[in-house]
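Visitor: My structure is below; once you've seen it, I'll send some questions.
The values are calculated or read from the model by the stated rules, or taken from the named source; none is laboratory data. No experiment lies behind these values; they were computed from the predicted model shown. Quick reminder, even Gly has a Cβ in these numbers, built from the backbone with ideal geometry, and neighbours come from all protein chains shown.
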Amino acid sequence: MTRFYLFAVITLIILLGLLTYQILKPFLTPLAWAIVFSIVFYPVYVFILKYLKWKSIAAILTLSIILILILGPFSYLTYLLVIELKDLADYLEMDKLDALQSLLQHPNIKTITDRILSILNLSEEELNKSIVENISKLGKEIVSKITKGATNVVTVSLDLIFMVFSIFFFLKDGPEFLSKVRDYMPFSEIQKDRLVKQIRDIIISTIYGGVAVSIVQGTIAGLAFFILGISTPVVWGLATSIASFVPLLGASSIWVPAAIYLFLNGEILKGFILAIIGIFGISLTDNILKPIIIGGRTKMPILVIFFSVLGGIKLLGLIGIIIGPLVIALFISVIEIFRSVEGGKNA
């Protein structure tokens, strides 16, 4: 009877868990953004709460700060991004890729392409056609997906409303909810404290460290492209910011090819300036800010972060850059605690 009761309880929990997931699935994206913003701005909420003892008012003021700092600039950048992506799509049309074809004819590049052609037994026309078609197709797909999401006013508006509503309650009732979750954890107090510390370290290293560095690097890159007169600076700034968050790629995967392109295209001064900004501005930011923010806190292996970021993006979209590593890190933390329990340890 005891085993049957335990089996029935576990089955019921699994079924209710799956049903809960299906119910919340349409709202996962705004909820995920709400969690991120609540974590990032929670210190602001605590600071306001020191002077105002009403949680609701403190939450509303913090939410107002979030909307002023995030919504205004984000809306404008989204508008610029959509315009630039449309311009980029026009540039990527078949009859407008003369710059790419002229680049392939550069002596240094042509030497490499000739070797590739001899190995693959392809003609130069076939290679050019393949590159042009694939780049054009990729550009159109990216533009189609992003502009479709950005121009869907109803969906964006509803997600924004859900996000704002969730942030308010996460700030106001978050500590009490987390306290109840802690009480339900089947661990000793030492293990609970250890898990809480690991979660805090992961949040700081993933969100504060990763997000702060990626935003700074993307901003510097976007400004550099804008100052140098390179087209679609917002797109390249966003690409740099995203690449900064992905291990094994990094911000250099964006600005280095751009600098090389400028050199090969005869724009030596622009290429030199971009290389200087890239080395001493964009890339150096990562080496300065991350050690300051993260310090000696929990760090996951680079390979794990790489796949967690890519998997998070595929599952949840852009927010997966943050949620992916966070979920994997929490999973690893819980597994470590169960290992200690199985080993007869208390910590």
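Visitor: In the range 186-200, what count of residues is obtained for those that are farther than 16 Å from Ile332 by Cα and not acidic (Asp, Glu)?
Guide: Number satisfying all stated conditions: 3.
Visitor: Then there is this: Kindly establish whether Val156 is part of a helix (DSSP H, G or I), in contact with a helix residue (DSSP H, G or I) (Cβ under 8 Å, 6 or more places away or on another chain), modelled with pLDDT of 75 or more and outside the structural domain of Gly311 (by TED's automatic domain parsing).
Guide: No.
One line per residue, one yes/no per condition, for (1) surrounded by 16 or more Cβ atoms within 10 Å (Cβ to Cβ); (2) within 20 Å of the chain's Cα centre (by Cα); (3) not aromatic (Phe, Trp, Tyr):
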| residue | (1), (2), (3) |
| --- | --- |
| Leu262 | yes, no, yes |
| Lys270 | yes, no, yes |
| Ile276 | no, no, yes |
| Thr285 | yes, yes, yes |
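Visitor: State whether one or more residues within the range 54-67 are hydroxyl-bearing (Ser, Thr, Tyr) and buried (at least 18 other Cβ atoms within 10 Å of the Cβ).
Guide: Filtering the range 54-67 down to residues hydroxyl-bearing (Ser, Thr, Tyr) leaves 56, 62, 64.
If we keep only those that are buried (at least 18 other Cβ atoms within 10 Å of the Cβ) too, we end up with 62.
Yes.
Visitor: Name every residue in the range 220-248 that is closer than 19 Å to Ser205 by Cα and in contact (Cβ under 8 Å) with a residue 60 or more places away in the chain, in order of residue number.
Guide: Ile242, Phe245, Val246, Pro247, listed by residue number.
Visitor: Looking at the structure I just gave you, is Arg182 outside the structural domain of Gly278 (by TED's automatic domain parsing) and modelled with pLDDT under 85?
Guide: Considered against the rule, which asks whether it is outside the structural domain of Gly278 (by TED's automatic domain parsing) and modelled with pLDDT under 85, Arg182 comes out as yes.
Visitor: Against the definition (surrounded by fewer than 17 Cβ atoms within 10 Å (Cβ to Cβ) and either in a helix (DSSP H, G or I) or out of contact with any Ser or Thr (no Cβ under 6 Å at 6 or more places or on another chain) (or both)), how does Ile190 come out, yes or no? Show your work before the answer.
Guide: Working: surrounded by fewer than 17 Cβ atoms within 10 Å (Cβ to Cβ): yes; either in a helix (DSSP H, G or I) or out of contact with any Ser or Thr (no Cβ under 6 Å at 6 or more places or on another chain) (or both): yes.
Considered against the rule, which asks whether it is surrounded by fewer than 17 Cβ atoms within 10 Å (Cβ to Cβ) and either in a helix (DSSP H, G or I) or out of contact with any Ser or Thr (no Cβ under 6 Å at 6 or more places or on another chain) (or both), Ile190 comes out as yes.
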